[in-house]
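S.K.: Take a look at this one; I'll ask things after.
The values are calculated or read from the model by the stated rules, or taken from the named source; none is laboratory data. These numbers come from a predicted model, not from an experiment. With ideal geometry, Cβ positions are generated from the backbone for all residues, glycine too; neighbour counts draw on all protein chains shown.
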Amino acid sequence: MAKLIVRKEKLNSEVAYSYNGSSYSVKLSEATQEQLKILDEIGVDVFEKPEKNDKPVKV
Amino acid sequence: MKKLIYYLGVIIGSVMLAGMIFPELFLPAGITGAFALAIFTQTCAKNVSGASKVFIAEKSVATAFTVESGEITAVTGTTPFMRVDAMQDSVSWQELGELVGLNNWKITNTVELDIMPPETETNTFLQALIDGSPCGYFALIVDGNSRCWVVGYNATDIRERPLRLGSQDHKTGKGLSEAEGNTIRITLTNECGGIALPLDDTLNAAVLAGTSTICKWS
């Protein structure tokens, strides 16, 4: 899975979420990739969209 | 060596100066115990009592809150907050803080609203509140100043102390002169360790405009 990158303007944010029956709070600037993956799974919209590959594909 | 000490001094001095000018850079996001007492300036604006609207979300549906500088900037979940058409001037939210022992601070939230008339639809709504209460709720309150607050979530307990259905009270009343006859008063309540947070201006405006996707409008 591609590395998740938090949008610059969201780096100072903190996200409070539930996972596996417990509540957690994480500061996005200090979040690990594992934590970001959980946030992505939940649907938290703080990540940079993956760039589209516009280059023609060589056949 | 002298130069090194000089540059170190400049760096430390700059950091200290930045800390004095922008203390929020050195504080975690959200309301925490890390705030030092500072001056409070009052805004010259009218202050309107009361609450005008209430929305209720199940804890399991509102899956995450994004917080920046003590304000909620996003709520994750598929339109988690359900519109509740309460009777006019029946919605209220009380946030009562009190000292417990010497060092503990307890906050009790009480959200009240009246619905009517007693019907199958009101029964369905009440039963859903009863069924969902063990998991808990978050309430979105629009106060008289058009500021939206999320009650049941706070930065201290995170999401561990949501609102529960405290009571439902239905009385027919004794006759036509009882204004509150045949209304159902619903009370959501919790005890928690942190104060409720407001929505940021963008999300607040979207809720007031009826366009926010965090609320189910119809």
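S.K.: Just the residues that are polar (S, T, N, Q), exposed (fewer than 13 other Cβ atoms within 10 Å of the Cβ) and over 26 Å from A:Val44 (Cβ atoms), please, taken from the stretch B:58-100.
M.R.: B:Gln88, B:Gln94
S.K.: Could I ask something else about it? Just wondering, is there one or more residues in the stretch B:179-188 that are at pLDDT 95 or above and within 14 Å of the chain's Cα centre (by Cα)?
M.R.: Within the stretch B:179-188, one or more residues are at pLDDT 95 or above and within 14 Å of the chain's Cα centre (by Cα).
S.K.: Looking only at the stretch B:142-164, which residues are surrounded by 19 or more Cβ atoms within 10 Å (Cβ to Cβ) and in contact with a helix residue (DSSP H, G or I) (Cβ under 8 Å, 6 or more places away or on another chain)?
M.R.: B:Val142, B:Cys148
S.K.: Taking the condition of being of a type outside the set (Ser, Thr, Tyr), within 11 Å of another protein chain (Cβ to nearest Cβ) and not in a strand (DSSP E or B), how many residues in the stretch A:12-42 meet it?
M.R.: Residues meeting the conditions: 9.
S.K.: Please specify each residue of the stretch B:101-122 satisfying the condition of being part of a strand (DSSP E or B), surrounded by 10 or more Cβ atoms within 10 Å (Cβ to Cβ) and out of contact with any helix residue (DSSP H, G or I) (no Cβ under 9 Å at 6 or more places or on another chain).
M.R.: Correct list: B:Trp105, B:Lys106, B:Ile107, B:Thr108, B:Asn109, B:Thr110, B:Val111, B:Glu112, B:Leu113, B:Asp114.
S.K.: A further question on this structure: Out of the stretch B:169-213, which residues are touching a helix residue (DSSP H, G or I) at 6+ places or on another chain (Cβ under 7 Å) and of a type in the set (S, T, N, Q)?
M.R.: B:Ser212
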